[in-house]
């Protein structure tokens, strides 16, 4: 059974054909970093405009690469939130039009559920497992008891970890995207040279990365002759220590022996290294999906959509996107 | 009026006091550098309107976040927005209607806000101390 997935939640236009929720037949992602590098961040209107230009070519390419025709597609799965509203609108509008014209069932997928589903395109972790989704827009921990059964354990109360990376990178004079630049120069710095505060929020599984951004700013103001490598290294270790400590604490408290890392920040080399060490110390089975499946892509949306479709959870043409769409939280 | 805050908690409390004085249609423009406490202030304002401040996170990523409280609450963050994109952001749809709009990085859209907007400047003094100046409303 083939599902066409479409994701336009942020800066990438992506389309993918996935078989039976697990086998990627095609997965096209139009990386738009070349546009965003010039503007220092995810620029929403530019992103929307690029999505309009790219949505047809990207979907066409995904179908062509899969050797599929619309009559072969069982359902179209589209991200309807959370994300940039102007960007989401393009994907949802396009998916509805295709579904209507070709009389294909339509399925709505929460982008965060898509992230969690990505691991199944490569591996078969047993249930339950702990999922850490960490990117420019999200930093959340979930307990996953089965496909479709998610419980939010914690989330950021202010900035996402990737957002802190981007803002600190800008502060240090690096261009977008900030994460890889910090990761690169941090390797040359001394992580012990500057001790930035770790926000553990005792007794809570939530995160806060706004204070570290302010701490870096204060440090830069007071030390104009600063060494960027040391700042990057100190900042990075403060962020990743909190991420690793919190996710492994959660696994212990929930008595769960499996952790899966997702999102753009999970490509960070220092985070991967520390997480691997911790998992091995704690006897945790760690899953690190490939980078191209950790970052935004439509294969994960198609995979999640497959399960909605087989359970008969369909969307109709009144489907609208929503920027704010928590997954598995008490209020969601 | 000028106030001094020596912590996130105090900034939040000032936000709460400010929020209690707001009415439908009010626009609050926040000015201040990275780390000045703008999002913290928004948390305070939102909580006075009955929104769980845990739900208020940085809006730099989504630009416009909409919450349904007793009246609609719009948390807008223009950090990433360039002047060329402003006209297409649809900002006016959120200003002066049935809801309350609070805008971070308001300087990125100077001239877009109604004359009776409330202006809040958050200025870095040192480490955790900020000077908060509110114009257009007594709290």
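What follows is calculated from the coordinates using simple rules that are stated; it is not laboratory data. Keep in mind that this is a model prediction, so the values were computed, not measured. Glycine gets a Cβ as well: all are built from the backbone with ideal geometry, and neighbour counts include every protein chain shown.
A few points about this structure:
- Percent of Cα-Cα distances greater than 12 Å, calculated over region B:15-71: 68
- The protein assembly as shown: proportion of alpha-carbon pairs further apart than 34 angstrom, %: 34
- Model label sites at residue A:226 and residue B:24, defined 7 Å from Cα along the beta-carbon direction, differ in position by 4.6 nm.
- Average projected area [Cα convex hull, region A:165-262], square nanometres: 6.8
- Projected label distance in nm at residue A:56 and residue B:69, using a 7 Å step from Cα toward the beta-carbon: 4.5
- Volume per residue of the C-alpha convex hull in region B:96-139, rounded to whole Å³: 105
- Each principal axis of region A:45-159 carries a Cα extent, and these read 40, 34, 22 Å when sorted largest first.
- Förster radius 51 Å - calculated FRET efficiency between residue A:31 and residue B:138, Cβ distance, rounded to 0.05: 0.50
- Normalised by the number of residues in region B:2-135, the average gap of Cα pairs under 8 Å and 6 or more apart makes the relative contact order 36 percent.
- Note on chain A: with a GNM built from Cα contacts shorter than 10 Å, the maximum mean-square fluctuation among A:283, A:114, A:203 falls on A:203.
- Extent along the principal axes, Cα only, for region A:193-330: 60, 39, 31 Å, with the longest axis given first.
- With both residues required to sit in the protein assembly as shown, DSSP beta bridges show an antiparallel share near 60%.
- Acute angle (nearest 10 degrees) that the helix A:44-66 long axis makes with the longest principal axis of chain A, alpha-carbon atoms: 50
- For region A:224-274 and region A:91-164, distance of Cα centres in Å: 20
- Cα long-axis angle, helix A:228-254 against chain A (0 to 90 degrees, to the nearest 10): 60
- Normalising the average separation of contacting C-alpha pairs (under 8 angstrom, six or more residues apart) by the number of residues puts the relative contact order of chain A at 26 percent.
- Max mean-square fluctuation residue, GNM over chain A, Cα-Cα springs under 10 Å, options A:15, A:270, A:97: A:97
- Once the gyration tensor of the Cα atoms in region A:124-288 is diagonalised, the equivalent ellipsoid follows with semi-axes of 29, 15, 14 Å, ordered largest first.
- In terms of its Cα atoms, region B:2-135 spans 38, 32, 28 Å along the principal axes, sorted from long to short.
- Rg and Dmax of region A:142-197, Cα atoms only, in Å: 15.9, 45
- Considering only A:250, A:139, A:310, the Gaussian network model of chain A with Cα springs below 10 Å gives its largest mean-square fluctuation to A:310.
- Axis of helix A:85-102 versus longest Cα principal axis of chain A: the two differ by about 20°, to the nearest ten degrees.
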